[in-house]
Amino acid sequence: MLNHIDEGQGPATLFVHGVGTSSYLWRNVIAELRGERRCVAPDLPVHGDSPITDDLTLPGLAEALAEFCDDLGLDQVDMVANDTGGAIAQIFAVRHPDRLRSLTLTNCDVHDNTPPEAFRPTVDLAAKGELVPLVEALIQHPNLIGQSVYGEGYERIDDPEALVEAYLRPMFAKPGGGRAFERLLAGIDAKEMVAIEPQLTVLAVPTLVVWGTGDVFFGVEWARWLRDTIPGVREVVEIDGGRLFFPDERAAELVPHLRRFWG
């Protein structure tokens, strides 16, 4: 069973984070919605307090989510995803469309922009086994986090120690966690996203795309690619200047669009 947050009553909403974060990413969205929805946010394998699993490929993580839904008895969910979680959500959607009432994609890996060019140096370090000591240095010196990819993903980081404690320390505290994280990053492959394009072109699940326009990893052109590819896309909403992790720091701007879409 994946470690997870499960708060509130009502229709089940499943929040999916990306690599290097955790369910903590969704805390501000959940705080606004738990009075009207059952908000479930798992830590993906390796991340947070979840265990390390054997299959850390994107399809493997999608199946881990399906098993997680089985464990909680979630027959249908409204899925909301960010970053690598959006890639996992797209694979989940084409494999299990009947399990989704709706899908919301925020800035995330799409098609052959997986991993994005701006993140490739980090993936290359992971592939060479050189990422672990750099992350361990960040854990020891949280004030440096703004100089890492997190500094590109957030508009501002007011509490670097909170991010280190929520995102990095839990992964690296578990035996083999650092190496498993490297293995996960090194295994991210665009071919798995390109392969599902034919299935995305017939995906009828009602879909909302909410995209920050200030993201160096996932430009707005990818939101439009999703609109032009997935027939279920109802709307593309742009969050002016929003970066990759806008669902965390600008949750109050995301939530009204979710409510309107679900309503």
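Worth pointing out:
- Of all residue pairs spaced 6 or more apart or on separate chains, those with beta-carbon atoms under 8 Å, a first member in the range 52-76 that is aliphatic (A, V, I, L, M) and a second member that is open to solvent by 80 Å² or more (accessible area, probe 1.4 Å) and assigned to a helix (DSSP H, G or I) are Leu56/Arg183; Ala62/Arg95; Ala66/Arg95.
- Taking the range 183-199 as the range and being over 17 Å from the mean Cα position of the chain (by Cα) and either assigned to a loop (DSSP other than H, G, I, E, B) or crowded, with 21+ Cβ neighbours inside 10 Å (or both) as the test, the residues that pass are Ala195, Ile196.
- All of Ala89, Ala41, Ala81 fail the test of being part of a strand (DSSP E or B), within 19 Å of Pro206 (Cβ to Cβ) and small (Gly, Ala, Ser), apart from Ala81.
- Restricting attention to the range 153-168, the residues that are assigned to a helix (DSSP H, G or I) and surrounded by 17 or more Cβ atoms within 10 Å (Cβ to Cβ) total 7.
- With respect to the conditions (1) closer than 28 Å to Lys174 by Cα; (2) crowded, with 24+ Cβ neighbours inside 10 Å; (3) in contact with a strand residue (DSSP E or B) (Cβ under 8 Å, 6 or more places away or on another chain), Leu105 falls short on a single one, namely (1).
For every residue, the table says whether it meets (1) at positive phi; (2) under 20 Å from the mean Cα position of the chain (by Cα).
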residue: Arg95; (1), (2): no, yes
residue: His111; (1), (2): yes, yes
residue: Leu131; (1), (2): no, no
residue: Tyr150; (1), (2): no, yes
residue: Gly153; (1), (2): no, yes
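- Residue check: Gly151 meets all listed conditions (1) free of Cβ contacts under 8 Å to residues at least 40 places away in the same chain; (2) under 21 Å from Ser50 (Cβ atoms) but one, namely (2).
- Among the conditions (1) in a helix (DSSP H, G or I); (2) on the phi > 0 side of the Ramachandran plot, Gly10 misses just one, which is (1).
- Test: residue in the range 229-250 that is surrounded by fewer than 21 Cβ atoms within 10 Å (Cβ to Cβ), within 15 Å of the chain's Cα centre (by Cα) and farther than 28 Å from Gly60 by Cβ: yes
- Residue match in the range 36-58 (condition: at pLDDT 95 or above and at positive phi): yes
- Number of the exception - Pro11 against (1) of a type outside the set (Phe, Trp, Tyr); (2) without any contact (Cβ under 8 Å) to a residue 24 or more places away in the chain; (3) open to solvent by 50 Å² or more (accessible area, probe 1.4 Å): (2)
- Whether a residue is in a helix (DSSP H, G or I), touching a helix residue (DSSP H, G or I) at 6+ places or on another chain (Cβ under 7 Å), surrounded by fewer than 22 Cβ atoms within 10 Å (Cβ to Cβ) and not hydroxyl-bearing (Ser, Thr, Tyr) was assessed, and Val135 does not pass this test.
- Filter result for Arg95 (modelled with pLDDT of 95 or more, basic (Lys, Arg) and in contact with a strand residue (DSSP E or B) (Cβ under 9 Å, 6 or more places away or on another chain)): no
- Residue list for the range 75-99, restricted to those being open to solvent by 10 Å² or more (accessible area, probe 1.4 Å) and hydrophobic (A, V, I, L, M, F, W, C): Val94
- Single residue of Lys128, Lys174 found to be open to solvent by 30 Å² or more (accessible area, probe 1.4 Å) and either closer than 20 Å to Asn113 by Cβ or in contact (Cβ under 8 Å) with a residue 60 or more places away in the chain (or both): Lys174
The values are calculated or read from the model by the stated rules, or taken from the named source; none is laboratory data. Everything numeric here is computed off the predicted structure, so don't read it as measured data. Ideal geometry is used to build each Cβ from the backbone, glycine not excepted, and the neighbour counts take in all protein chains shown. The protein model used for the area step is the full one, side chains on, heavy atoms only, and it has no ligands, DNA or RNA in it. Shrake-Rupley method; radii C 1.70, N 1.55, O 1.52, S 1.80 Å.
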